[in-house]
1. So between B:LEU138 and B:ARG87, what do we pick up on full extension, going 0.36 nm a residue minus the alpha carbon distance?
2. Among B:ALA148, B:ALA114, B:ALA192, which one shows the biggest mean-square fluctuation in a GNM of chain B, springs joining Cα atoms closer than 10 Å?
3. Quick one: among B:GLY117, B:GLY56, B:GLY150, which has the greatest mean-square fluctuation in a GNM of chain B with alpha-carbon springs under 10 angstrom?
4. Please give the contour-minus-distance gain from B:VAL9 to B:VAL189: 0.36 nm per residue of separation, less the Cα-Cα distance, rounded to one decimal in nm.
5. Between A:ALA56 and residues 5 or more places away or on another chain, which pairs have amide H atoms under 5 Å apart, with H built 1.01 Å from N, and which residues are they?
6. On full extension of the chain, what length is gained from B:THR110 through B:ARG168, given 0.36 nm per residue of separation minus the C-alpha to C-alpha distance?
7. Considering just Cα atoms, how many Å³ per residue does the convex hull of segment B:2-145 enclose?
8. First obtain the Kirkwood hydrodynamic radius of the protein assembly as shown from its Cα pairs, then insert it into the Stokes-Einstein equation at 10 °C and 1.306 mPa s, and state the resulting D in µm² per second as a whole number.
Amino acid sequence: MNIWIAIGVTALGCYAVKLAGLLVPAGALERPVVKRLAALLPVALLAALTAEQTFADGQTLVLDARAAGLVAAAVALVLRAPFLLVVAAAVLVTAGVRAVGAG
Amino acid sequence: MRDALGVGVAVGLSGFAFGVTSAGSGLTWVQTSALSLLVFTGASQFALVGALAAGGGPFTAAAGAFFLGVRNAFYGLRLSQVLALPRAVRPFAAQWVIDETAAVALAQPTRRGARIGFVVTGLSLYLLWNLTTLLGALGAGAIGDTDAWGLDAAGPAVFLALLAPMLRSGTERAVAGLAVLLGLGLLPVLPAGVPVLMAALAAPVVLWADGRRRGEGTER
């Protein structure tokens, strides 16, 4: 039941912000501070999510095979690999490290 | 055209990865598909199932997903000027206001081109994203232990790939660094899902510090 509540709330919220953008008169959100904040908000969230989903196991911090996978993804990004290859690198390296029993 | 194909392949594969991740997080295939049909904005969906898997409450999990979706409002603002949609059409067009459709539509030189680009990208990605989500969710059962295949690393890699092009200046890097510290530092002491929301505060904090520094600079 909790999962359905989460799905419902997320669906409504995400649809509402999409629609708001189309309906709000131009200029209302065009203030520089609002635009800067809107651009920085995803940066903060994505950075925190990347870190937590790599190093968190429940409420404890761990260093496991996922960290190796993330390093592989970072290397792929530095080499300007396409999106797909970045994700594939993370998945393959994580699986590889687990297969040899290191993670 | 090659770009469109590249976007399509990337979206299709992340749809599959989302389906698998969501199934691995304990959602049924019906719940997983409902997310892709109703939410249809990838980063928010990954964030939601990740937070639920970590034991987050439904509202904290949804809040993180919601804040990630806020950027779509700003795409909508730009798009409504470029597309000039009749009011009656807007509620239907809204669901397709995402990173990829905005990128394609805003890159077109004419209104006609932008409208065609928006509809073609929106429709094809909507179909592809939902189809591959379903395949991923159903396929996860056949794959068995998704962790053994390293698929739990797909979520963070997707986030990192979305984040990397945003880190253009020192301000963005400062926000990202502070957010990581807050997110990991608060993880052991706050309920699941809440640390990510606290990490979002890195954005206004750095913006405020930046404004102060710039203010002092002009005074001198």
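Readers should treat all values here as calculations from the given coordinates under stated rules, not as data from a laboratory. Treat the numbers as computed from the prediction; the structure is a model and nothing was measured. Backbone-built Cβ (ideal geometry, glycine too); neighbour counts: all protein chains shown.
1. Here the answer is 14.5 nm.
2. B:ALA148
3. Highest fluctuation among the options: B:GLY150.
4. In short, 60.8 nm is gained.
5. Correct list: A:VAL62.
6. 18.0 nm
7. 102 Å³
8. 79 µm²/s
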